[in-house]
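The values are calculated or read from the model by the stated rules, or taken from the named source; none is laboratory data. No experiment lies behind these values; they were computed from the predicted model shown. All Cβ positions, even for glycine, are placed from backbone atoms using ideal geometry, and neighbour counts span all protein chains on display. Only protein heavy atoms, including side chains, enter the accessible area calculation; ligands, DNA and RNA are left aside. Shrake-Rupley method; radii C 1.70, N 1.55, O 1.52, S 1.80 Å.
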Amino acid sequence: MNPIICLKPIGVVVEGLNKPIDSGATKSRFELISTIKVFDEYTEGLEGLEEYSHIIIIYWMHEARGVKLKGRPWGIKNYPLVGIFATRFPNRPNPIGVTVVELISVEKPLIRVKGLDAWTGTPVLDIKPYDYYDIVKNPKVPWWFIDNWNQLKRKWRYEIIAPWLGPCA
């Protein structure tokens, strides 16, 4: 059975990451404040969202082209060849992005967040609160993820700009 699923965006990222070709990425996404505009017919759904410190943004990676079922994480040659479902990369059968972000403000119809890894113009499919049910204290991850995490943690100063990230001590 292959049902057809139709999704309707509830908003759009009006200020997000610059595309890699537009920017040399001089700042981490955790330093940038992104803005999402929720469409008028859904703004009532924002009521009470400001009570949370973090939220989950679900979006459509609308510029992903083609499906690539295997690849090396971040294109790094000494990392193993893994399946797309073992990565968070966009070239998937359904290019759905999911990111936990820090909620900065809710000013209907706009919400401002830190940590969003979506480009300006990205359709937003859903917004959910991040709560105790979403916390995994010490998830198991592969060696190559830990290697990349440690490099990025130093480069972007995650302990300072996003101390809520990473494994529990």
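Placing +1 on the Cβ of every Lys and Arg and -1 on the Cβ of every Asp and Glu, with no other charges, gives the chain a dipole of roughly 1160 debye about its Cα centre. Working from label points 7 Å from Cα in the Cα-to-Cβ sense, the N150 to V67 distance is 3.6 nm.
Of V101, V141, W74, whose Cα points farthest to the positive end of the dipole of segment 53-169 (charges on the beta-carbon: +1 Lys, Arg; -1 Asp, Glu; origin at the Cα centre)? The listed residue farthest towards the positive side: W74. Taking only protein heavy atoms and a 1.4 Å probe, the accessible area of the chain is 57% carbon and sulfur. Taking all protein chains together and a 1.4 Å probe, the residues R65, R72, R92 rank R65, R72, R92 from largest to smallest accessible area.
Over the chain, calculate the relative contact order: mean separation of alpha carbon pairs under 8 Å at least 6 apart, over the residue count, as a percent. This gives 32 percent for the chain. Report note on the peptides 103-115, 120-132: ranked by the mean count of other C-beta atoms within 10 Å, highest first, their order is 103-115, 120-132.
Dimensions of the chain from C-alpha coordinates, computed as largest minus smallest value along each principal axis and given longest first, are 48, 44, 36 Å.
So for F85, F30, F39, what's the accessible-area order with a 1.4 Å probe, most first?
So, going from the largest accessible area down, we get F85, F39, F30.
Classify segment 79-169 as rounded, prolate or oblate, taking a ≥ b ≥ c as the square roots of the eigenvalues of its Cα gyration tensor: rounded when a/c is under 1.5, otherwise prolate if a/b is larger than b/c and oblate if not. It is oblate, given that a/c is not under 1.5 and a/b is not larger than b/c. Set against the 2.2 N^0.38 Å expectation for a compact globular protein, segment 109-162 has a Cα radius of gyration ratio of 1.47. With 0.36 nm allotted per residue and the present C-alpha distance subtracted, the V136-K37 stretch has 32.7 nm of extension available. Return the FRET efficiency for the residue pair W143, E107: r is the Cβ-Cβ distance, R0 is 45 Å, and the value is rounded to the nearest 0.05. Efficiency, from the Cβ-Cβ distance: 0.55. Loop-located GluC sites (Glu not before Pro) in segment 1-80 (DSSP state other than H, G, I, E, B) with a sparse environment of at most 13 neighbouring Cβ atoms within 10 Å: E47, E63. Distance from the Cα centroid of segment 1-64 to that of segment 86-106 is 8 Å (rounded to whole angstrom).
Oblate is the label for segment 1-80. Its Cα gyration tensor axes, ordered a ≥ b ≥ c, give a/c of at least 1.5 and b/c at or above a/b.
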